[in-house]
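Engineer: The following block contains the structure, expressed as structure tokens.
The values are calculated or read from the model by the stated rules, or taken from the named source; none is laboratory data. Everything numeric here is computed off the predicted structure, so don't read it as measured data. Neighbour counts run over all protein chains shown; Cβ positions are idealised from the backbone, glycine included.
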Amino acid sequence: MAIVTLLTDSGESDHYIAAIKARILSVNPGLTLIDISHHIASCDIAHGAFVLRSVFRDFPKGTVHLVGVDAMGNRSDLMVASQVEDHFFVGMDNGLFGLVTEKAPQSSVELNKISTIATTFPERDVFAAAAAKLASGVSLTSLGPPLLQLKRMTDRYVKATKRMIAGHVIRVDATGNLITNIPRDAFETLSKGKNYVIQFSGEKIRKVMTAYNHAEQGDCFVLFNSLNLLEIGIYRGNASALLGMHYDSPVSILFEE
Amino acid sequence: MAIVTLLTDSGESDHYIAAIKARILSVNPGLTLIDISHHIASCDIAHGAFVLRSVFRDFPKGTVHLVGVDAMGNRSDLMVASQVEDHFFVGMDNGLFGLVTEKAPQSSVELNKISTIATTFPERDVFAAAAAKLASGVSLTSLGPPLLQLKRMTDRYVKATKRMIAGHVIRVDATGNLITNIPRDAFETLSKGKNYVIQFSGEKIRKVMTAYNHAEQGDCFVLFNSLNLLEIGIYRGNASALLGMHYDSPVSILFEE
Amino acid sequence: MAIVTLLTDSGESDHYIAAIKARILSVNPGLTLIDISHHIASCDIAHGAFVLRSVFRDFPKGTVHLVGVDAMGNRSDLMVASQVEDHFFVGMDNGLFGLVTEKAPQSSVELNKISTIATTFPERDVFAAAAAKLASGVSLTSLGPPLLQLKRMTDRYVKATKRMIAGHVIRVDATGNLITNIPRDAFETLSKGKNYVIQFSGEKIRKVMTAYNHAEQGDCFVLFNSLNLLEIGIYRGNASALLGMHYDSPVSILFEE
């Protein structure tokens, strides 16, 4: 049974999500629907891209990911379906897909061209049917004319030299933990045999932990999380609130000679 | 695989929703369960009816809709199952079903009569089994004695003359957009060849847009939405907060001679 | 089709829940996934245990319950799978399971021993696969070495004498109703032929109702709810806010001679 995931900024107090699901099941009642989240902050492409990037590879190859975050996009944005890393993505090409992976799409098409639908609700009226068809084995190329490339947005990058890594917070999760864009491999390469100090919001930490519960209650800790990204937390506390740190707050690691 | 949808005001931090689902799957583990919403405002029949009315026809005919909004109702309210427009509705006859469609039921029965269950949790103890049976092909008439009519509540209507349409906001959605009860067809009939002005909260708008993204960021816009109802929004802003408009706020359209 | 339920304190705005589900479906795509709640208060074992205790028996025997509440636990806590009352429970043995039922486990094993995984996300990396295997018919004993007992926490008990029952609030539900730990059977045994008065927050109530809607709007009522526990509410109002009562607030019943 093929899987269609849903990721939107629609919340759950309206009819929107159920309308999308009804349309998918009308095309193929045997599909498995999995909600990734409907609580992406309104029109927040960075939040949506972070969540999708963090989880899409956990699903089996061939899974179809329907995205309705900032689903109206800008006036010139196109409705697309794209195959990347053997997964399918369906939604508005507003830049979100370009942030999900750095791999080039295997193939992309423009939707709503073969038979055009005027709509203010593309998730239901265009994306749902396209996603259901892809999950049912219909070929991507039959859904619309080919598209040479998707919109690319520049994500903020980590700067790394021999003496330091400078990154920033890319997500405050629901418990207040601060996820940065500093990857484990860069840290491991540069820290070999050296002392280091991790700096953020006036704190200086000299040790990366390996488990959340190695901290004492109320202690600030840093570790590489299940995404292999540096994460800052306060054991059984809200790190964002207690440290005054938010999306984009700087975090750096200095290596001693 | 038949579908049972769920619509409640129970929230998602308690055991209530899972208890209803467990009971449905105990009757027939092969049913597909789709949450419409569990975030209907507590006992808000108008909110529940709006959401159900906006989406039930997107589901395949024969779908069963279990409703637990104000599920205890008033003392004289009956537990019912009803077939309307080839869909099934199961819940307390507290007036909500009468607001979902203006079509007369094809058939209705009173539940909890053939074998009576005293319960403070009818969604789990009565509605779940009835919904599961209907979705499994059991006939409506076998579930209880026939009921001649459901409770009717008067919904607020739009007033339309040659010179104006006067309506009001019937739903503020999660993003703050204001959905009115002014239907597209009334507007199109009356506006032919005429200039018009749409008035609300001190604003005067002289153009209906056709897409959300035709507005500029921060602009107020009106359009006919995917329900064919006039909707007021602020592009990438919260119209309810910024315009000070809420459920029941008046909106009118004046047509010039 | 076997059922796996999920109960976590992860919220729904991150990738965590979808990552767990993806891993379960990767082991067995035919499993039915049912969310109990992802809105347990962060690390609140009492809240999680209350919800799970209130609903697990509504599911068919053999159902697997994956729990990710305070999922990192304390440093010495073990990852476990346990069979109790013919249901399976998978998660961190942080005391929650010991609060779900007073029945002794039929069998328990320690996970993450046969092949060890170092992880900061045990719900995805250890519990998901264990739950999926159990739901697919793999034997509990093949998942790890036997464990003689689970952690036990002492729950607060009700005190009952011939003259009074003294209990307290164990859950404020999403509508503000106050669920106590006073069971129906103790009340029925002690109240036979006697007048009684139920006291809490300055209120004195002399009658237990049998249905929520027997109260008038704004009235305070008490009844035995669908869990057979004494529940205090205000008809169409928020009892917690209006009575100033919270988790652990005392409630007592005095019986007159």
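Engineer: For residues in segment C:195-213 being of a type outside the set (Lys, Arg) and loosely packed, with under 13 Cβ neighbours inside 10 Å, which is modelled with the lowest pLDDT?
Structural biologist: This residue is C:210.
Engineer: For residue B:4, which of the numbered conditions (1) more than 15 Å from the chain's Cα centre (by Cα); (2) farther than 26 Å from residue C:6 by Cβ fails to hold?
Structural biologist: With respect to (1) more than 15 Å from the chain's Cα centre (by Cα); (2) farther than 26 Å from residue C:6 by Cβ, residue B:4 is out only on (2).
Engineer: In segment B:10-34, which residues are more than 7 Å from every other protein chain (Cβ to nearest Cβ) and either closer than 24 Å to residue C:42 by Cβ or buried (at least 23 other Cβ atoms within 10 Å of the Cβ) (or both)?
Structural biologist: If the condition is that a residue be more than 7 Å from every other protein chain (Cβ to nearest Cβ) and either closer than 24 Å to residue C:42 by Cβ or buried (at least 23 other Cβ atoms within 10 Å of the Cβ) (or both), then B:16, B:17, B:20, B:24 are the ones that fit.
Engineer: Pick from A:216, A:188: which is of a type outside the set (A, V, I, L, M, F, W, C), modelled with pLDDT of 90 or more and farther than 29 Å from residue A:71 by Cα?
Structural biologist: The match here is A:188.
Engineer: I want to confirm something. Restricting to segment A:38-75 and keeping residues that are touching a residue at least 60 places away in the same chain (Cβ under 8 Å) and at positive phi, which single residue is surrounded by the fewest Cβ atoms within 10 Å (Cβ to Cβ)?
Structural biologist: Step by step, filter segment A:38-75, then rank; the result is A:62.
Engineer: Taking segment B:123-144 as the search range and keeping residues that are closer than 17 Å to residue B:107 by Cβ and within 22 Å of the chain's Cα centre (by Cα), which one is surrounded by the most Cβ atoms within 10 Å (Cβ to Cβ)?
Structural biologist: Of everything passing the filter in segment B:123-144, B:131 is surrounded by the most Cβ atoms within 10 Å (Cβ to Cβ).
Engineer: What is the one condition in (1) closer than 29 Å to residue A:221 by Cβ; (2) surrounded by 15 or more Cβ atoms within 10 Å (Cβ to Cβ); (3) of a type in the set (S, T, N, Q) that residue C:116 does not satisfy?
Structural biologist: (2)
Engineer: Right, here's the next one. If residue B:75 satisfies every condition in (1) under 16 Å from residue B:20 (Cα atoms); (2) out of contact with any Ser or Thr (no Cβ under 6 Å at 6 or more places or on another chain); (3) of a type in the set (D, E, K, R) but one, which is the exception?
Structural biologist: (1)
Engineer: Can I ask one more? Quick one: residue C:45 ticks every box in (1) more than 18 Å from residue B:16 (Cβ to Cβ); (2) in contact with a Gly (Cβ under 6 Å, 6 or more places away or on another chain); (3) within 8 Å of chain B (Cβ to nearest Cβ); (4) of a type in the set (Val, Ile, Thr) bar one, so which box is it?
Structural biologist: It fails just one condition, (3).
Engineer: Is it true that residue B:98 is at pLDDT 95 or above and closer than 28 Å to residue B:169 by Cα?
Structural biologist: Taking the combined requirement at face value, the residue does not satisfy it.
Engineer: Please enumerate the residues belonging to segment C:101-119 that are hydrophobic (A, V, I, L, M, F, W, C) and at pLDDT below 95.
Structural biologist: Taking segment C:101-119 as the starting set, the residues that turn out to be hydrophobic (A, V, I, L, M, F, W, C) are C:104, C:109, C:111, C:114, C:117-118.
Across segment C:101-119, the qualifying residues are C:104, C:114, C:117, C:118.
Engineer: Restricting to segment B:204-257, count the residues that are among the aromatic types (Phe, Trp, Tyr) and in contact with a Cys (Cβ under 9 Å, 6 or more places away or on another chain).
Structural biologist: 1
Engineer: Say whether the condition of being in a loop (DSSP other than H, G, I, E, B) and modelled with pLDDT of 90 or more is met by at least one residue in segment C:127-134.
Structural biologist: No - not one qualifying residue is present in segment C:127-134.
Engineer: OK, next. Exactly one condition in (1) within 26 Å of residue C:100 (Cβ to Cβ); (2) within 13 Å of chain B (Cβ to nearest Cβ); (3) of a type outside the set (Gly, Ala, Ser) is not met by residue C:251; state its number.
Structural biologist: Exception for residue C:251: condition (2).
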